Amino acid sequence: MSGNPTYPSKFTVYVILCWILAAFGGLMFGYDIGISGGVTAMDDFLIKFFPKVHERKMHAKEDNYCKYDDQYLQLFTSSLYLAALVSSFAASKVCTKFGRKPTILAASVFFLAGAALSASAQHLWMLIIGRVLLGIGVGFGNEAVPLFLSEIAPVQHRGAVNILFQLFVTVGILFANLVNYWTSKIHPYGWRVSLGIAGVPAAILFIGSLIITETPASLVVRGKESLGHTTLQKIRGVKEVDVEFQQIMEASEIARGVKQPFKKLISPSSMPPLIIGVMLQVFQQFTGINAIMFYAPVLFQTVGFKNDASLLSSVITGLVNVCCTFVSIFSVDRFGRRKLLLQACVQMFASQAIIGGILLRDLHATDSLTKPEAIWVVFLVCMFVSAFAWSWGPLGWLIPSETFPLETRTAGFAFAVSSNMLCTFIIAQAFLSMLCHMRALIFFFFGGWILVMGIFVFFLLPETKNVPIDAMVDTVWKKHPVWKKFIADYEGKKTDPFMDHPIHIDLVAAVFEEFSSLASTKLKSNSSSCFHPEVESCNSTHKSL
Ligand code: BGC
């Protein structure tokens, strides 16, 4: 995609601060992902909330693959993702109406409440409600932060800036693993410390959300053109931003004409970014990454490590995850998105297949692997995680956040986020049962998915490196051999292959429109008045723009 415009920009301290503070939303997400696996492996936690699972775990002859298979235990992990799934649609409404900044603020409030409740839980229901509040925080944060980062990044660094979100996710996971390693030695309330520490990054995100700017695109589309212009100058660190601003104005003009973004989203011309956004998130989860991220300690115990060694091994995979995300930061805007995704498919497929082979041959119900074999499994898990970390992890968030036009960006991204959450929920809820029933074959199951996603990327994913975010339709979708057929108005023709069935489309769109405005009205009435920029108590926040 050479020949794409590069607009003038400089790095300023303020803009870098905005990137880092917003990325704390990723850290919260990562912490929530990483903490549950270690906590559910702690005896004190199991004795208090899941005594039956604890009993089974203590039973010497228990089947390796099945000792943790318990629907309630899995619900503790997965309830967060169900809440995030639902709340991402409400978050999209808040994001469109009030901006990215108040949405991030709301996320931090939910995170704080969730951390407090789960750390102080006396009963299982308190624990689950705490997870649900954290989940709403994830829904809001994951909707707003990647969009925020993509919108304020200069085009030539958009990939790298957006990947800060994923970098912070991986740091959050690693931090959670380290915390668990430490708290597992604090009896009997180590698990409370693990769950409560989530309040620290949540508080940083809260303060950060008061400091960061609103994005120019969000300001302009909500009618604040002159503020949008000065904000663009501020975040680019230069005065001459007129060409870029003009492009934002044009995109906003179109966006303002679209009164029902969810309806527009399921019209054929919006299908290309929607299909890509949703499928990338589905595929990201069906790599099997969270089978490892949630249950690494459990998995390592399954192959024969003792409690401590298995927690330590998950620290190692967490470290690999963080380090390899840097590879993506430095290469995504140079080599492009497609090459990273395809290379990773090969590496992940090979690792899954070999792990499956070793377990199939040597790990049976009640024995364990030999030490060298167990070390091989840890090494292969690291190979798998490293490939994910420089490809499907970050790009699963980057690509959907940069490919929707402004008029459907928040609605479209909500679909992407919720698809991710749905699949994360499915894996979190089902993995331990799948491990129990499919045993080693589970690794071949994920390997099969990796093959399919490689084929999808090869044929259907366009390269978006260096394309300005508000020029995607003209530069990418209208030129792609498959997707151009979907874009209405292409070459002046109304080529809408599905227009014979507008009733179905209208119906589904109306349901989504209703559902999301209902959810956002409820959330507005329940939470901070700072959702509304004109409210007096929020003015100080807005003045900081
Ligand atoms: C995924 C998470 C995953 C994490 C691992 C994220 O991009 O959405 O589900 O646990 O990467 O680093």
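The separation of the range 198-277 from the range 23-37, counted between C-alpha centres, amounts to 25 Å. Cα convex hull, the range 378-484: 116 Å³ per residue, rounded to a whole number. Residue-wise HN-Hα couplings along the range 108-116, as the Karplus relation 6.51 cos²θ - 1.76 cosθ + 1.60 with θ = phi - 60° gives them from phi, are 5, 5, 5, 4, 4, 5, x, 5, 5 Hz; Gly and Pro carry x.
Expressed as cubic angstrom per residue, what is the convex hull volume of the alpha carbon set of the range 300-388?
That works out to 78 Å³ per residue.
When the inverse distances between all different Cα atoms of the range 78-134 are averaged and flipped, the Kirkwood radius reads 11.8 angstrom. For the range 1-52, the solvent-accessible area of protein heavy atoms averages 38 Å² per residue (probe radius 1.4 Å; ligands and nucleic acids excluded).
Pairs with C-alpha atoms separated by more than 24 Å, drawn from the list LYS264/LYS479; LYS234/LYS479; LYS234/LYS478; LYS48/LYS185, are LYS234/LYS479; LYS234/LYS478.
Computed over protein heavy atoms with a 1.4 angstrom probe, the accessible surface ordering of ILE289, ILE329, ILE316, largest first, is ILE316, ILE329, ILE289. Using alpha carbons only, the radius of gyration of the range 149-272 set against its Kirkwood radius gives Rg/Rh = 1.14. Computed extension length for ILE207-GLN156: 15.5 nm, one decimal, from 0.36 nm per residue of separation with the Cα-Cα distance subtracted. Over every Cα atom in the range 244-361, the radius of gyration and the widest Cα-Cα span, Dmax, amount to 20.8, 62 Å.
Projecting the Cα positions of LEU73, SER150, GLY135 onto the charge dipole of the range 57-209 (unit charges on Cβ atoms of Lys, Arg, Asp and Glu, taken about the Cα centre) puts SER150 furthest along the positive direction. Calculated on C-alpha atoms, the gyration radius of the range 21-150 divided by its Kirkwood radius gives an Rg/Rh of 1.07. Placing dummy labels 7 Å off each Cα toward the beta-carbon, the span from SER226 to TYR14 is 1.7 nm. Over the C-alpha atoms of the range 326-440, the Rg to Rh ratio, Rh being the Kirkwood estimate, stands at 1.07.
With a Förster radius of 35 Å, plug the Cβ-Cβ distance of LEU451 and LYS306 into 1/(1 + (r/R0)^6) and report the FRET value to the nearest 0.05.
0.50
Taking all protein chains in place and a 1.4 Å probe, what share, in percent, of the accessible surface of the range 100-196 do carbon and sulfur account for? After summing per-atom areas, the C and S share lands at 78 percent.
How large is log10 I(q)/I(0) at q = 0.23 Å⁻¹ when the Debye formula is applied to the Cα atoms of the range 386-448, each weighted equally and without solvent? Summing over Cα pairs of the range 386-448 leads to -1.00. Taking 0.36 nm per residue of separation and subtracting the Cα-Cα distance, full extension of the segment from PHE330 to LYS371 would add 11.1 nm.
Say R0 is 60 Å: what FRET efficiency, to the nearest 0.05, do ILE47 and GLU253 get from their beta-carbon distance? Efficiency computed from Cβ-Cβ geometry: 0.45.
Each residue of the range 6-13 is assigned a 3J(HN,Hα), and the resulting list reads 10, 8, x, 6, 10, 7, 10, 4 Hz, derived from the Karplus form 6.51 cos²θ - 1.76 cosθ + 1.60 (θ = phi - 60°), x at Gly and Pro. Between the C-alpha center of the range 104-154 and that of the range 379-398 there is a gap of 24 Å. Of the trypsin sites (Lys or Arg not before Pro) found in the range 228-286, those in coil by DSSP whose Cβ has at most 16 other Cβ atoms within 10 Å are LYS239, LYS259.
Measuring how big the range 136-219 is from its alpha-carbon positions, Rg and Dmax come out at 16.0, 51 Å. For GluC sites (Glu not before Pro), the sites in the range 199-264 that DSSP calls loop and that have at most 16 other Cβ atoms within 10 Å are GLU240.
With a Förster radius of 30 Å applied to the C-beta separation of PHE379 and GLU463, the computed FRET efficiency comes to 0.40. Per-residue Karplus couplings for the range 456-470, computed as 6.51 cos²θ - 1.76 cosθ + 1.60 with θ equal to phi - 60°, are listed in order as 4, 4, 4, 8, 10, 8, x, 7, 10, 4, 6, 8, x, 4, 8 Hz, Gly and Pro entered as x.
Packing-based ranking of 402-409, 121-128, 423-430 yields 402-409, 423-430, 121-128, ordered from highest to lowest mean Cβ neighbour count within 10 Å.
The values are calculated or read from the model by the stated rules, or taken from the named source; none is laboratory data. These numbers come from a predicted model, not from an experiment. Here the Cβ is made from the backbone with ideal geometry for all residues, glycine too, and neighbour counts use every protein chain on show. Heads up: the accessible areas ignore ligands, DNA and RNA and are worked out on the full protein's heavy atoms, side chains in. Shrake-Rupley method; radii C 1.70, N 1.55, O 1.52, S 1.80 Å.
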